[in-house]
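What follows is a set of notes on a single structure, which appears directly below.
The values are calculated or read from the model by the stated rules, or taken from the named source; none is laboratory data. None of the values given here were measured: they were computed from a predicted structure. Positions of Cβ are generated from backbone atoms using ideal geometry, with glycine treated the same way; all protein chains shown enter the neighbour counts. These accessible areas exclude ligands, DNA and RNA; they are computed on the full protein's heavy atoms, side chains included. Shrake-Rupley method; radii C 1.70, N 1.55, O 1.52, S 1.80 Å.
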Amino acid sequence: MSKISYYLPVYLICDVILSADIISTVEFNHSGELLATGDKGGRVVIFQHEEECKNRLQLRGEYNVYSTFQSHEPEFDYLKSLEIEEKINKIRWLPQQNSAHFLLSTNDKTIKLWKISERDKRAEGYNLKDENGRLRDPFRITSLRVPVLMPMDLMVEASPRRVFANAHTYHINSISVNSDHETYLSADDLRINLWHLEITDRSFNIVDIKPANMEELTEVITAAECHPNQCNVFVYSSSKGTIRLCDMRAAALCDRHTKFFEEPEDPSSRSFFSEIISSISDVKFSHSGRYMMTRDYLSVKVWDLNMENRPVETYQVHEYLRSKLCSLYENDCIFDKFECCWNGSDSAIMTGSYNNFFRMFDRNTRKDITLEASRESSKPRATLKPRKVSTGGKRKKDEISVDSLDFNKKILHTAWHPKENVIAVAATNNLYIFQDKIN
């Protein structure tokens with residue numbers, strides 16, 4: 001795991017960072033053939049693995065732009081006098097059933113199902129239209145022609161097939177496709193809805209934690225995900241650092257959880273910031289379905305679904321920031337929502353940090369490594385050097401002081417190829433793709 005080779009920064013928009021260009025989500029499809037990114041400007045950019053590189057191990061991380069389309073536009077809710085951002089919050093791929101690809105993308109309020117398809121032939125020889133597409137006079141048609149398909153340059157089309165709207169009062173933070181491949185769930189701060197992919201005008205509310213009196217509100221939903229194998233099971237996390245596992249077979253409304261995961265707090269370490277840093281920003285099931293992983297502000301925890309009282313593994317991401325929580329609170333960085341991801345075999349996990357650092361943890365050896373995604377320190381085909389942060393005392397040559405970290409450079413979104421040791425890391429408006437080094 002420690003031999004990660006810098007491979008290619010493929011999505012470099014410009015040196016001047018525009019808000020609309022900041023990447024807000026990254027997701028591989030189920031085969032790893034395609035990689036989708038969404039940004040704050042409402043655009044979706046899809047990268048495709050290079051065909052000629054598939055059998056060359058040194059070029060597994062070679063991806064090129066496949067399709068770009070505008071998924072969402074800015075809107076205005078006139079009833080609530082509220083602007084609705086075009087920013088893409090989440091992208092989720094559907095399993096491929098035919099030659100076309102399908103994905104769900106969502107902003108704060110509206111979820112869309114997109115079809116991505118290729119066209120390399122066009123029909124010619126119409127009877128009622130001429131070569132320029134203009135209608136012909138029917139009375140001048142003296143013979144019938146059979147249209148023929150002619151080859152043309154490959155064109156990738158993105159077309160919206162479904163629009164799922166008007167079901168969320170609050171901002172959507174999660175979407176997750178169910179293992180039955182027919183339904184998916186969407187979650188906002190207080191509710192989780194279950195949708196059928198073919199039905200756009202109604203959804204089923206399966207979790208509702210909104211109190212009758214909003215002054216009694218003590219926690220919000222921060223993330224939700226369906227189980228990878230059991231279509232009746234899902235989990236959702238909260239701002240209080242708890243995770244609830246629900247079974248839809250038990251009741252139509254899953255306000256009563258089946259399992260409740262929470263780690264007891266150490267009273268000696270309690271502070272003003274304890275509740276804020278315990279808020280879970282992401283939850284992910286392992287591919288096997290046996291474990292789930294949660295990310296809070298300072299750590300990543302792995303839970304066994306059969307043990308609710310504490311996690312089986314805890315990995316400190318940037319414990320050296322504990323002494324900086326006051327300044328992080330003042331500049332609002334303490335509210336950043338970092339994501340986490342598993343590798344294809346569930347043997348390693350990855351998550352982001354500040355200063356464009358990202359952390360990888362090997363679950364078998366318990367080794368960890370800190371790497372940096374930056375154009376300045378990386379050259380194509382060069383090996384990434386591990387980075388270390390000095391917390392005080394004498395700083396070694398290759399270490400960086402905790403006081404020198406740039407909190408404006410942060411890696412919130414990461415993705416791991418489902419079959420290969422290829423990772424995608426979003427650093428502001430740049431997307432970096434890395435692969436492990438082949439000797």
Using a simple spin-label model with points 7 Å from Cα along the Cα→Cβ vector, what separation in nm is obtained for ASP208 and LEU253?
0.5 nm
Which loop trypsin sites (Lys or Arg not before Pro) in the range 69-177, with loop taken from DSSP, have no more than 15 other Cβ atoms within 10 angstrom of their Cβ?
LYS80, ARG134, ARG136, ARG145
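Quick one: if the Förster radius is 56 Å, what FRET efficiency do GLU262 and GLN97 give, using the C-beta to C-beta distance and rounding to 0.05?
Values: r = 39 Å, r/R0 = 0.70.
After rounding, the FRET efficiency stands at 0.90.
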Send over the semi-axes of the range 143-295's equivalent ellipsoid, whole angstrom and largest first, taken as the square roots of 5 times the C-alpha gyration tensor eigenvalues.
40, 18, 16
GluC sites (Glu not before Pro) within the range 72-166: DSSP coil, no more than 13 neighbouring Cβ in 10 Å:
GLU131
With an 8 Å cut-off on Cα pairs and a minimum separation of 6 or more residues, tell me the relative contact order of the chain in percent.
15 percent
Pop out the ³J(HN,Hα) list for the range 116-130 in order, Karplus 6.51 cos²θ - 1.76 cosθ + 1.60 with θ = phi - 60°, rounded to Hz; leave Gly and Pro as x.
10, 9, 9, 9, 10, 9, 9, 7, 9, x, 6, 7, 9, 10, 8
Separation in nanometres of the label points that stand 7 Å from Cα toward Cβ, at LYS385 and SER117:
5.2 nm
Sort 264-276, 189-201, 231-243 by packing, meaning the average of other beta carbons within 10 Å per residue, with the highest value first.
231-243, 189-201, 264-276
Under 5 Å between amide hydrogens, which residues at least 5 positions from ASN430 or on another chain qualify, with H placed 1.01 Å from N in the peptide plane?
ILE23
Virtual spin-label span in nm between ASP332 and ASN64, 7 Å along Cα→Cβ:
4.0 nm
Accessible-area composition of the chain, carbon plus sulfur, in percent [1.4 Å probe]
48 percent
With the 1.4 Å probe rolled over protein heavy atoms, the range 75-130 has an accessible area per residue in Å² of 55 Å²
If you only keep lysine pairs separated by 8 or more in sequence, or across chains, how many in the range 285-439 come under 20 Å at the Cα atoms?
25
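Per residue, how large is the accessible surface of the range 272-380? Use a 1.4 angstrom probe and give square angstrom. Before the final figure, lay out the partial values.
Values: 4410 Å² over 109 residues.
For the range 272-380, the solvent-accessible area averages 40 Å² per residue.
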Return the loop-located trypsin sites (Lys or Arg not before Pro) in the range 303-396 (DSSP other than H, G, I, E, B) with at most 16 other Cβ atoms within 10 Å of their own Cβ; answer none if there are none.
LYS337, ARG366, LYS367, ARG375, ARG381, LYS394, ARG395, LYS396
